[in-house]
Each structure stands twice: as structure tokens, then as C-alpha cells.
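Asks: Below you will find the structure I want to go over with you.
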Amino acid sequence: MVKRVAIIGAGVSGLTSVKGCLEEGLEPTCFERSDDIGGLWKFTETTGHGMTKVYKSVVTNITKEMSCYSDFPFQEDFPNYMKHSLVMEYLYSYAKHFDLLRYIHLKTTVSSVTKRQDFAATGQWDVVTETEGKKNTAVFDAVMICTGHYLNPRLPLESFPGINKFQGQILHSQEYRRPEGFQGKRVIVIGLGNTGGDIAVELSRVAEKVFLSTRSGAWVDSRISDDGYPTHMIQTTRFRHVVECSLPSAFKTWMGKKRKSKWFNHKNYGLSNPKGRQQKRVANDELPSYILCGAITMKINVKEFTETSAIFEDGTVEENIDTVFFATGYTYSLPFLEESMEKFCRNKIFMYKYIFPSNLEKATMALIGHVGLQGSIIVGTELQARLATRVFRGLCKIPPSSKMMAEATKKEQLIKRGVIKDPTQGKQDYITYLDELATCIGAKPNLLLLFLKDPRLAKEVFFGPCTSYQYRLVGPGKWDGARKAIMTQWDRTLKPLQTRVIPDCSEPTSISYWLKVWGAPVLFVAVLLAYKSSHLPLTGITEVGERISTYLASTMRK
């Protein structure tokens, strides 16, 4: 019987894991090697000890309503996209509200996690920790690893001939804190992800010149969608998900490219990718403008370095380079695990639901937050923690190790033969993955039943943004405030924007409330039926679908 649970890390994954244990009657002990909670969201002026922290100017890429814990909304006056200090304030409030702090041991490093000799029977672990030079060993019934992806910086110097003789400064994005110190310098940023784009934009305000080098390009998306609503609030809806899942994959890809190119032509800006390369999404409202103004120059991959210059694969040369920033991500590392176990956990195919190592006789280890998600990792980690703690208690069943290993091995072989794509490459579809976890828990809302019992709520759940509150409507962990949180989510979205009250001088509308509410969905169904009977082009259907979310966002406010 699982009782004592060791939790490694007190960031967003660790905090919700502590809470998940308490909800299930388990006894959590959380170990955090730094002197505070918050993980990478805790800003510090210096790095060190391999700890990754946010840089001074960082702002969230996902709006607050789409990135909060499911039973603890952000404050209504918080901006939709927040600086790290507000995220930390939220995490402190969350920890205090649910009394999590007393289970967290700060300045405590986990040295090793190993299976006990009788693991096959007990599923127990020996956990060795170190606090101020003093080591301690304790036995735990289960372990939750919440250290995240951002431990060891990936610095692929071997891929850049001549880098060893380069006389300028070589830094990883992990070391970046603020733009001071780079005034008047010529800087190359290698790697176009969210961090690479942010650093390039910020440095270009003070540097003489910034070159942004990328091998694969990126889709640059804005935080602002149609009519000024936050992008994820409009794009991440169950209605839209159903529409997209019903379309052929090739057509869906084409429509996605068309939608992303509405803002600007990526090819003209040097941001499109070569054929055959997967192109990631980057949230950056300023990057196109800075390229347009010449503050940032897009470059292809660096071929080699000299003492003071960079030679690119297209043959161009940039002289007098002072600094090279590698925004090249991180390598996967779980240094406290035995080498064989760490290597196994790196292969995500063998991680059941990206949580449980499938080779363990007893499912008493869970990796929380070690999944790439097309949406908020906070929401994903919370559902992972809820599932893991219920599995520990025996309330949720997962397949036996032998079956999980057989299925994973079969999948790995199919991938190697090119029969199927590797699902671990790239990020998981947000709603699909969350619904999978919620189904295992018993917390996925039944839309048909909801439409019969509570049509207003059902309409918001299906056509509105798929916020985390939906997974607290039913099942274990049900929260009485979930309905209210869903029905008022747009109020909290607009609250921080409406600081200048403008009198409403518009003429009263003659359209009835229900026509406004249901007009767009009815229109979509009509177009769909017309397509089936007369083969209307699919483009028309999808464009109608794309506009419905925005339409509903505006009508729901009236």
C-alpha cells in the first residue's frame, strides 16, 4: 500500500504533485535544491548549480485563463500575459491556499533514487538527499520526478567547426538575464525557439547588430487573435478540435499554414523552413517588426567560425562578431537515477502516457511535466499528477508492465520501419492528451449529458476555450466552483483590459439573445450539410469554423 511519496522539485509540477498527494490521502515529502519554490519561474540575477531560471523580461506565451491550475484561477486583475513576478505571486498564493509549503524541504538535493532489493514485491525506493552537507537516506513507497526539461544546457559546439578558435564570447541562453552589457555589440543568436526569438528582440534594442540564425525556421504567431482576444482562448476549443480532427491531415496542414501566413509572409522574412523539415511555432509579437526595421537580420545556419567572424551555409560572412548565444535547448537529464533507468526514461515511447516507466514491476514512479504539449504545461502537469496519485493508491489501473513493454516495443519497430510517425517527436495535441488523462481519472466532462442538464454551461465548454476548469466538473477531485469559473472566464480575460471605461453608445440590437448565441453553430451545421449534399469546397467549411470561436467570444460578452 503506497503511503509515503517523495517529490523531486518544487516548481509548477512539484507543487501540484504535493496537492495531488494530499487529495488522495498520501503523505508527500517534496525536495527542492534551491532556496525557494517556483522552479525556473523564480528569477535570480545569477545562474549556477545547473539551475535554469527565467530572464528578467520574460512574459508568458499562454494567457492566464489557459494556464492556471484547475481549481485556482489567476486573480482577475492580472494581465492576460504575465511577467515572471506575477506567475511567482500566483504560485505562492496557490501553495499557501492549499497549505503546501510545510511539505517542502528547501536547499535539499536528491543525490540518488534506487529500487530497494524487494522492489518487485513492495515497489519501494531508497532516496538519498543532502542538506547543507549532511546526507540522509529514507524509504518511500513512490516517487514523483518533477524536475522538468530544463536542467543541462545543450551546447552543440561540435557542430560548428572553428568555434574553439573564436575569440568572442560564447554563451548559452540559460545564462542570459538582461540586455545590459551588450550595448554596441554584434551578436549572433543560434536557434529560433521562444527563447531565441525573445533574446534576439531584446538584444537588438541595445546591440549594434543582431543576427538570428536558424536551420529550420519557425511559424511566428502573435499572442493576439482576431478582434484582440488572446490567441489560445480562440484557437483552443473543443468545437474547433472536432472540426480539425474530421479533416484530412494534408488539408489540415495546408489550412494551418494558410492561417499562420495571414499575419505576414514568412518566406519574405526568412522564417519559412526548407521542405521536409518540421516547423515549430514561436509566440513573438515583435520579431517580424524588428526584422522589418532591420534591427534583426535572419540568417541560415552557421557553417563555421573564424577568430572574429561567422561563415554561413549560403556563403555569406559576418565580420567582427562579439558574442554568440546558443538558444539550442537542453539535454534530458535525471542525474539521481541509475544510468540504465535514466536511459530508459529518455525513450518516451516506453513511458506510458508520458508518465510511467513501462519497465517497472510496480507503477510507483511517475515523471510529471516531462512531456511536450501544445498548450500550458501547468494544466498538463496537474492532470498527470492527479492520475499518478490515483494509480499509486490503486484507484486507477494501468496495464501490467509486460503488456506496456510489448506495446511500446511494437510501436518502436513500426517507427523504425517507417510505418508510423514517431509520436514523441514534436508536441502532443493539447485537448487530445488532456482528455486521455481525464478519461483515466474519470474527470472528462460528458458533453451530451451536459447539454441535456445545463445547456449554457455545455455551450461554453464546447464552443468556448478549453480551460482547465472543465476537468473539475465531474469525477474525483470535483470542484464546486468549476462551473462559475468557466462561466466567468471571459470576464477575467477582459477585466485587466477595461481600465478605461468607454460609454456604450451603440444602438440596441433587435436580434434575440438565442439567435446571437446559436447563430454561428447553426450556420456551421448548415454549411456542413450543404457540403455533404453538393460537395462544397472544404475550405469554406473550415473558414466558417475558424470564425465561430471569435464570433462566440464577442457575443458571449454582450
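Asks: Checking W219 against (1) touching a helix residue (DSSP H, G or I) at 6+ places or on another chain (Cβ under 8 Å); (2) in a helix (DSSP H, G or I), only one condition comes out false. Which one?
Replies: Failing condition for W219: (2).
Asks: Based on what the data block shows, is K478 at pLDDT 95 or above, open to solvent by 20 Å² or more (accessible area, probe 1.4 Å), out of contact with any helix residue (DSSP H, G or I) (no Cβ under 7 Å at 6 or more places or on another chain) and within 30 Å of E436 (Cβ to Cβ)?
Replies: no
Asks: So which residues in region 371-425 are among the β-branched types (V, I, T) and more than 26 Å from the chain's Cα centre (by Cα), if there are any at all?
Replies: T409, V419 - these are the residues of region 371-425 that are among the β-branched types (V, I, T) and more than 26 Å from the chain's Cα centre (by Cα).
Asks: Pairs, please: C-beta under 6 Å, at least 6 apart or cross-chain, first residue open to solvent by 20 Å² or more (accessible area, probe 1.4 Å) and in region 206-218, second of a type in the set (G, A, S) and not in a strand (DSSP E or B)?
Replies: From residues that are open to solvent by 20 Å² or more (accessible area, probe 1.4 Å), the pairs are E208/G184.
Asks: Moving on to the next point. Of a type in the set (G, A, S), farther than 30 Å from K459 by Cβ and open to solvent by 70 Å² or more (accessible area, probe 1.4 Å): which single residue out of A250, A295, A310 fits that description?
Replies: Matching residue, one of A250, A295, A310: A250.
Asks: Within region 80-93, how many residues turn out to be under 19 Å from the mean Cα position of the chain (by Cα) and touching a residue at least 40 places away in the same chain (Cβ under 8 Å)? Let's see the steps before the verdict.
Replies: In the first step, residues of region 80-93 are kept if they are under 19 Å from the mean Cα position of the chain (by Cα); the result is 80-88, 90-91.
Going one step further and asking which of them are touching a residue at least 40 places away in the same chain (Cβ under 8 Å), we end up with 80-81, 84-85, 87-88, 91.
Looking only at that region, the number is 7.
Asks: From the list V210, V302, V206, V282, which residue is of a type in the set (A, V, I, L, M, F, W, C), out of contact with any Cys (no Cβ under 8 Å at 6 or more places or on another chain) and modelled with pLDDT under 95?
Replies: On the way: V210 fails: modelled with pLDDT under 95; V302 fails: modelled with pLDDT under 95; V206 fails: modelled with pLDDT under 95.
Checking each option against the conditions leaves just V282.
Asks: Test G375 against the stated conditions and say whether it is crowded, with 22+ Cβ neighbours inside 10 Å, at pLDDT 95 or above and not aliphatic (A, V, I, L, M).
Replies: It is false that G375 is crowded, with 22+ Cβ neighbours inside 10 Å, at pLDDT 95 or above and not aliphatic (A, V, I, L, M).
Asks: Another question, then. In region 234-257, which residues are modelled with pLDDT of 90 or more and out of contact with any Gly (no Cβ under 8 Å at 6 or more places or on another chain)?
Replies: Answer for region 234-257, where residues must be modelled with pLDDT of 90 or more and out of contact with any Gly (no Cβ under 8 Å at 6 or more places or on another chain): I234, Q235, R238, H241, V242.
Asks: State whether the residues of region 264-283 include one that is crowded, with 16+ Cβ neighbours inside 10 Å, within 15 Å of G191 (Cβ to Cβ), in contact (Cβ under 8 Å) with a residue 40 or more places away in the chain and touching a helix residue (DSSP H, G or I) at 6+ places or on another chain (Cβ under 6 Å).
Replies: Taking every residue of region 264-283 in turn, at least one turns out to be crowded, with 16+ Cβ neighbours inside 10 Å, within 15 Å of G191 (Cβ to Cβ), in contact (Cβ under 8 Å) with a residue 40 or more places away in the chain and touching a helix residue (DSSP H, G or I) at 6+ places or on another chain (Cβ under 6 Å).
Asks: I'd like to verify a number: residues in region 464-505 that are assigned to a loop (DSSP other than H, G, I, E, B) and over 22 Å from the mean Cα position of the chain (by Cα), how many?
Replies: Of the residues in region 464-505, 18 are assigned to a loop (DSSP other than H, G, I, E, B) and over 22 Å from the mean Cα position of the chain (by Cα).
Asks: Just to check your reading of the model, which residue among T195, T214, T137 is hydroxyl-bearing (S, T, Y) and assigned by the TED database to the domain that holds T108?
Replies: None of the others qualify; the one that does is T137.
Asks: Something else: Is it the case that region 234-247 has a residue that's in contact (Cβ under 8 Å) with a residue 12 or more places away in the chain and in a loop (DSSP other than H, G, I, E, B)?
Replies: Yes, because at least one residue in region 234-247 is in contact (Cβ under 8 Å) with a residue 12 or more places away in the chain and in a loop (DSSP other than H, G, I, E, B).
Asks: Do you know which residues across region 1-40 are without any contact (Cβ under 8 Å) to a residue 60 or more places away in the chain and in contact with a strand residue (DSSP E or B) (Cβ under 7 Å, 6 or more places away or on another chain)?
Replies: E27 - this is the single residue of region 1-40 that is without any contact (Cβ under 8 Å) to a residue 60 or more places away in the chain and in contact with a strand residue (DSSP E or B) (Cβ under 7 Å, 6 or more places away or on another chain).
Asks: Only residues that are among the hydrophobic types (A, V, I, L, M, F, W, C), closer than 30 Å to R223 by Cβ and buried (at least 21 other Cβ atoms within 10 Å of the Cβ): list them for region 15-40, please.
Replies: L15, I37
Asks: Since G148 meets every condition but one in (1) farther than 21 Å from F312 by Cβ; (2) touching a Ser or Thr at 6+ places or on another chain (Cβ under 8 Å); (3) open to solvent by 60 Å² or more (accessible area, probe 1.4 Å); (4) not aliphatic (A, V, I, L, M), which condition does it not meet?
Replies: Among (1) farther than 21 Å from F312 by Cβ; (2) touching a Ser or Thr at 6+ places or on another chain (Cβ under 8 Å); (3) open to solvent by 60 Å² or more (accessible area, probe 1.4 Å); (4) not aliphatic (A, V, I, L, M), G148 violates only (3).
Asks: Take I321 and tell me if it is within 29 Å of G217 (Cα to Cα) and either in a loop (DSSP other than H, G, I, E, B) or open to solvent by less than 50 Å² (accessible area, probe 1.4 Å) (or both).
Replies: yes
Asks: Which is among the hydrophobic types (A, V, I, L, M, F, W, C) and open to solvent by less than 10 Å² (accessible area, probe 1.4 Å), of L395, L360, L448?
Replies: L360 is the lone residue from the list that is among the hydrophobic types (A, V, I, L, M, F, W, C) and open to solvent by less than 10 Å² (accessible area, probe 1.4 Å).
Asks: Which numbered condition in (1) of a type in the set (S, T, Y); (2) touching a strand residue (DSSP E or B) at 6+ places or on another chain (Cβ under 6 Å); (3) crowded, with 22+ Cβ neighbours inside 10 Å is the only one that S70 fails?
Replies: With (1) of a type in the set (S, T, Y); (2) touching a strand residue (DSSP E or B) at 6+ places or on another chain (Cβ under 6 Å); (3) crowded, with 22+ Cβ neighbours inside 10 Å applied to S70, the lone miss is (2).
Asks: Another question about this same structure. Please find, among T323, T364, T316, T381, the residue that is in the same structural domain as W125 (by the TED database), touching a strand residue (DSSP E or B) at 6+ places or on another chain (Cβ under 8 Å) and of a type in the set (S, T, Y). Steps first, please.
Replies: Values: T323 fails: in the same structural domain as W125 (by the TED database); T316 fails: in the same structural domain as W125 (by the TED database); T381 fails: touching a strand residue (DSSP E or B) at 6+ places or on another chain (Cβ under 8 Å).
Exactly one residue qualifies, and that residue is T364.
Asks: Which count do you get for residues in region 74-118 that are in contact with a helix residue (DSSP H, G or I) (Cβ under 7 Å, 6 or more places away or on another chain) and open to solvent by 40 Å² or more (accessible area, probe 1.4 Å)?
Replies: Qualifying residue count for the region: 7.
The values are calculated or read from the model by the stated rules, or taken from the named source; none is laboratory data. Quick caveat: nothing in here was measured; it's all calculated off a predicted structure. Here Cβ is always computed from backbone atoms with ideal geometry, including for glycine, and neighbour counts include all displayed protein chains. Protein only, heavy atoms only, side chains kept; ligands, DNA and RNA dropped before computing areas. Shrake-Rupley method; radii C 1.70, N 1.55, O 1.52, S 1.80 Å.
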